[in-house]
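Structure record follows, encoded as structure tokens.
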Amino acid sequence: MHKPVITSLLETDLYKFTMWQAMLHRHPETHAQYAFHCRNEPAYPLAELLPDLERELDHLCSLSFNEGELAYLAGLRFIKSDFIDFLRIFRFQRAFITARANGPHLEIKASGPQVHVMAFEIFVLAIVNELYFRRFDAQVAIAEGRRRLALKLEDLRAFTIKPARAVPFEFFDFGLRRRFSGQWHREVLTRLASDATPWFRGTSNVLLARELGLVPIGTMAHEYLQTYQALGVRLRDHQRAALESWVQEYRGDLGIALTDVVGMDAFLADFDLYFAKLFDGLRHDSGDPFEWGEKALAHYARLRVDARTKRLVFSDSLTIAKALELYRHFADRTQLGFGIGTSLSNDMGLKTLHIVMKLTHANGQPVAKLSDSPGKTMCEDETFLAYLRQVFGVSPTQG
């Protein structure tokens with residue numbers, strides 16, 4: 001009998017809490033729908049996981065935050081006391097999430113008040129991923145994972161900083177959603193915390209940050225900006241409205257803005273001098289990272305903002321090797337950070353799942369992300385997608 005995949009509601013990404021608080025304070029009445037999707041072909045039908053998934057969801061909906069967990073969150077200076085009060089009485093409602101088999105596919109949908117369903121995402125992805133990989137030989141996989149992790153540490157130790165004015169190389173773990181298992185995730189972070197101290201700066205996993213004495217990392221995700229597509233502002237103004245609301249909520253904290261909800265070019269058209277000065281930097285999550293970084297630096301230069309006072313965070317399908325390559329390219333021009341996910345938490349010699357659970361509707365209206373990467377655009381309404389492209393002047397070939 002396996003123990004449940006999720007045993008604490010603290011084991012989610014930090015940006016879930018930061019977005020959750022912002023939406024509770026500013027748009028608590030919003031209704032939302034999220035849908036699960038697998039972007040690649042699994043080794044066996046995910047529908048086979050349904051009975052175990054149903055049991056895991058039942059267990060998830062029985063959990064609540066304990067006082068120690070709440071005290072840890074309350075110790076983060078950007079978390080407000082009324083949000084802690086909300087979390088103290090919060091419990092997932094089983095009626096708000098459904099799972100079913102559709103042929104070989106697994107369909108999962110969460111629908112209800114956004115402040116009651118938005119936190120399902122990370123838990124669902126971690127559950128599906130761990131259930132899926134439990135069917136493989138764990139002993140063989142972990143042995144290979146340890147071997148590969150040792151090679152990554154060797155690469156880091158062999159790395160030398162060459163640019164004379166280079167900023168430090170820093171990376172974070174963003175691997176909770178698609179990890180091999182919770183036990184392996186803990187082992188990886190424990191090893192990084194002991195053997196990669198000069199470079200390893202924290203994790204998005206709030207539970208492991210607390211238990212291992214690491215810095216919790218995260219600001220906002222796509223769903224935050226997407227929600228504003230359905231909150232009554234002009235569609236063309238939704239990015240500005242979302243960024244303004246974030247600034248008002250956090251007053252200087254959590255200042256890394258995500259750029260690819262409607263593509264980098266459309267984002268920069270809205271990211272004027274006001275926002276460039278208020279936000280500490282930008283996060284990359286789709287498209288060519290070198291091209292993206294050059295666009296960001298050129299934008300700061302046009303605004304006469306010193307890019308060395310800003311930070312570019314890269315987080316799209318990164319490996320240690322790719323992060324080091326990006327570092328060498330940009331390190332003498334701006335501050336940098338690298339969020340590395342699956343290649344840390346699930347590099348076991350097995351084919352990984354490319355699973356997501358994205359916001360599809362808010363207040364009964366479709367929302368969408370126009371990704372800078374082919375295949376990452378997700379929207380259930382082609383008419384809205386076409387309208388969004390038209391409003392922002394985005395090519396139909398994008399995403």
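Read the figures in this text as sums done on the coordinates, not as results from a lab. Computed from a predicted model, the values in this text were never measured in an experiment. Here the Cβ is made from the backbone with ideal geometry for all residues, glycine too, and neighbour counts use every protein chain on show.
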Self-check item: Set of lysines near K310 by C-alpha distance (under 22 Å), chain-local residues within fewer than 8 positions excluded
Solution: K162, K277, K295, K322
Exercise. With +1 on each Lys and Arg Cβ and -1 on each Asp and Glu Cβ, and nothing else charged, work out how big the dipole of the chain is about its Cα centre, in Debye to the nearest 20.
Key: 680 debye
Quiz item: With the contact rule set at Cα under 8 Å and sequence spacing of 6 or more, what percent relative contact order holds for region 1-84?
Solution: 53 percent
Practice problem: For the chain, build the charge dipole from Cβ charges (+1 Lys, Arg; -1 Asp, Glu) around the Cα centre, then report which of G255, H361, A242 sits farthest towards its positive end. | Solution: G255
Quiz item: Going 7 Å from the Cα of R77 in the Cα-to-Cβ direction, what parts of region 235-265 have a backbone nitrogen less than 13 Å from that spot?
Solution: 251-255
Quiz item: Does anything in region 230-257 have its amide N under 18 Å from the 7 Å Cα→Cβ label point of H37, and if so which residues?
Solution: 230
Self-check item: Residue with peak Gaussian network fluctuation, the chain [Cα springs, cutoff 10 Å], from Q226, Q365, Q248
Solution: Q248
Self-check item: Average Cα contact separation per residue, the chain, under 8 Å, 6 or more apart, as relative contact order %
Solution: 23 percent
Quiz item: How big, on average over all directions, is the shadow cast by the Cα convex hull of region 244-299, in nm²?
Solution: 3.7 nm²
Quiz item: What percent do you get for the relative contact order of region 115-218 when only Cα pairs under 8 Å and 6+ apart count?
Solution: 28 percent
Quiz item: What's the center-to-center distance, using Cα atoms, between region 46-85 and region 116-192 in Å?
Solution: 21 Å
Quiz item: In region 330-388, which trypsin sites (Lys or Arg not before Pro) fall in coil by DSSP and have 15 or fewer other Cβ atoms within 10 Å?
Solution: K351
Exercise. Using 0.36 nm per residue of separation minus the Cα-Cα distance, give me the extension gain between N102 and D280 in nm, one decimal.
Key: 59.7 nm
Quiz item: In which sequence would S64, S315, S204 go, from the one with the fewest C-beta neighbours within 10 Å to the one with the most?
Solution: S64, S315, S204
Practice problem: With +1 on each Lys and Arg Cβ and -1 on each Asp and Glu Cβ, and nothing else charged, work out how big the dipole of region 52-144 is about its Cα centre, in Debye to the nearest 20. | Solution: 260 debye
Quiz prompt | Qualifying trypsin sites (Lys or Arg not before Pro) in region 80-167, DSSP loop, other Cβ atoms within 10 Å at most 11 | solution = R135, R165
Practice problem: Within 10 Å of each residue's Cβ, count the other Cβ atoms and sort L212, L336, L385 from fewest upward. | Solution: L212, L385, L336
Quiz item: Fewest to most neighbouring Cβ within 10 Å: what's the order for T309, T352?
Solution: T309, T352
Quiz prompt | A143 paired with N66, simple spin-label distance in nm, labels 7 Å along Cα-to-beta-carbon | solution = 3.6 nm
Quiz prompt | region 169-275: trypsin sites (Lys or Arg not before Pro) in DSSP loop, at most 15 other beta carbons within 10 Å | solution = R234, R251
Practice problem: Go ahead and run the numbers for FRET between A95 and R134, Cβ-Cβ distance against an R0 of 35 Å, rounding to 0.05. | Solution: 0.80
Practice problem: Rounded to the nearest 500, what is the 222 nm mean residue ellipticity of the chain from helices alone, with -39500 (n - 2.57) per DSSP H run of 4+ residues and division by all residues? | Solution: -13000 deg cm²/dmol
Self-check item: Label zone at S373, where the point sits 7 Å out along the Cα-to-Cβ direction: region 165-183 residues whose backbone N lies under 16 Å
Solution: 174-179
Quiz item: Taking the Cα atoms of region 85-244 alone, what are Rg (to one decimal) and Dmax (as a whole number) in Å?
Solution: 19.9, 58
Exercise. With both partners inside the chain, how many of the DSSP beta bridges are antiparallel, as a percent to the nearest 5?
Key: 55 percent
Quiz item: Quick one: Debye curve from the C-alpha atoms of region 28-148, no solvent, what's log10 I(q)/I(0) at q = 0.12, 0.13, 0.14, 0.23 Å⁻¹?
Solution: -0.59, -0.67, -0.76, -1.28
